[in-house]
Amino acid sequence: MATNKNNNSTSQINTTKPKAFYHVDIVVIGAGQAGLSAAYYLKKSGIEPGKGFVIIDDESGAGGAWQHRWDSLTLDNVNGINDLPGLSFDETVNTTDKTLLASVALPRYYAAYEKTFELPVIRPLKVTNVTERKDRFLIHTDGVQFSAKGIINATGTWKTPRIPIYPGSELFKGQQLHTVDYRNAQAFEGKHVIVVGAGISAIQLLREISEVTETTWVTRRPPEFKDFDFNPDLGREAVAMVEARVRDGLPPRSVVSVTGLPTTPAIRGMMDKGILDRKPMFDKITERGVQWADGTTLDADVIFWNTGFHHSLDHLAPLHLMNDQGGIVMSGKLATQVAQDHRIHLAGYGPSASTIGANRAGRVVASELIETLGL
């Protein structure tokens, strides 16, 4: 009997269909303050929602990082709420209820905003990576795939916490967590908590936790407390310094690292109580706690890292935007435009990382990208 040479040919043929890419002009990645602001101005400029641009968000609901904030952050004490363009916060949320959680109020506002302006937010959809082919960007996700002429990346930092690696961290028998994991101080009652970090969040949460249990405050560098009122002029000066860094291709720094910490009445109270009796950074972590270079040890139940965040840009790695210094050279009116490729804007990066900065950048990002793409 004749042998069929093609008997096994079907097993050697790749029958997987190539991925179909949905074509649009612009993809906005992230539906937080920066992404929604940019999307608003895209629509206002005549770019058609759904066909001209879409917004991809990896959350299950509206609100960006706000929906993950801790329980004590209420309308009575939250900082940094700024109206998105075209719709005020007061129009959508009962701001007279000062006990309302920020994690409830802000998502409610963002959801109303998306609905009011009929913004094409697709969620939950996680971008895994972005590549380029034939002068278009291919946005690969865990669901629908997209092809776009330009990108507005507005992914923020909340999903990429910065946790330093210290010798012995794997030996620690207690609990290690980051700011993103925090919900309330009551979870630490009866435990000794080492709070690491010198930013605003570290100070705020140190105060909360110290009210219910024993704490030790540790920072890499001595914090810089200053007697000043944070005013618009000081804010603009700090933003200008952050902007100068990203234009030079340096990693962005936080505004607090530029201005220092204001000595507020709350901070003075913490000083008087000895809560801000700061210790230098330890050298290693032990099974029961931490140890300094001189051999001094401290037992603890929790190491609480308030050590900031990285910008969530890993999905852009295939585009090779980052330099050897860990930064990206930025250009454009507000330093949102990637210098090596003007088709890419980073909204919420560097000087546009604050809520005010994100709003201000939205209009510029939209206009500059539209001009670049000739839309």
- Summing +1 per Lys or Arg and -1 per Asp or Glu among the other residues with Cβ less than 14 Å from residue 166's Cβ gives 0
- Query: So what's the angle, to the nearest 10 degrees on a 0 to 90 scale, between helix 102-116 and the longest Cα principal axis of the chain?
  - Reply: 30 degrees
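Would you mind computing the Rg to Rh ratio of the chain from its alpha-carbon coordinates, Kirkwood style for Rh?
Numbers: Rg = 23.8 Å, Rh = 22.9 Å.
Computed over Cα atoms, the ratio is 1.04.
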- Message: Less than 15 Å Cβ to Cβ from residue 192, Lys/Arg counted +1 and Asp/Glu -1: what total charge do the surrounding residues give?
- Response: -3
- Item | Charge context of residue 101, other residues only, Cβ under 9 angstrom, K/R +1, D/E -1 | 0
- What is the dipole size for the chain, taken about its Cα centre, with +1 at each Lys and Arg Cβ and -1 at each Asp and Glu Cβ, in debye to the nearest 20? 1100 debye
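Kindly work out what percent of the DSSP beta bridges joining two residues of the chain are antiparallel, to the nearest 5. Intermediate results must be reported in sequence, preceding the final value.
Numbers: 20 of 54 bridges.
In the chain, approximately 35 percent of DSSP beta bridges are antiparallel ones.
Cut-off is 10 Å between beta-carbons; in what order do 189, 132 appear when sorted fewest neighbours first? Let's see the in-between values first.
Values: 189 9, 132 13.
Least crowded to most crowded, the residues run 189, 132.
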- Task: Can you put 221, 363 in order of Cβ neighbours within 10 angstrom, beginning with the fewest?
- Result: 221, 363
- Specify which residue in the list 185, 295, 349 is farthest towards the positive end of the charge dipole of the chain, using unit charges on the beta carbon of Lys, Arg (+1) and Asp, Glu (-1), about the Cα centre. 349
- Under 16 Å from the Cα of residue 273 - aspartates and glutamates, other chains or at least 8 residues apart: 208, 211, 214
- Query: Residue by residue, what Karplus-based ³J(HN,Hα) values in Hz, rounded to whole numbers, does segment 262-271 have, using 6.51, -1.76 and 1.60 with θ = phi - 60° and x for Gly and Pro?
  - Reply: x, 7, 7, x, 5, 5, 4, x, 5, 5
- Task: Taking amide H positions as placed in the peptide plane 1.01 Å from N, state which residues far from residue 283 in sequence (5 or more) or on other chains have amide H under 5 Å from it.
- Result: 291, 292, 293
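Filter the cross-link list 115/159; 191/279; 98/226; 51/149; 43/159 down to pairs whose alpha-carbon distance in this structure exceeds 21 Å.
Values: 115/159 25 Å; 191/279 19 Å; 98/226 29 Å; 51/149 12 Å; 43/159 27 Å.
Pairs exceeding 21 Å: 115/159; 98/226; 43/159.
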- Proxy exposure order for 36, 250 (fewest C-beta within 10 Å first) is 250, 36
- Message: Can you compute the FRET efficiency between residue 288 and residue 71 using 1/(1 + (r/R0)^6), with r the Cβ-Cβ distance and R0 = 22 Å? Round to the nearest 0.05.
- Response: 0.15
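Every number here is computed from the coordinates shown, using simple stated rules; none is lab data. Because the structure is predicted, anything quoted here is derived from the model rather than measured. Note: ideal-geometry Cβ built from the backbone for every residue, glycine included; neighbour counts use all protein chains shown.
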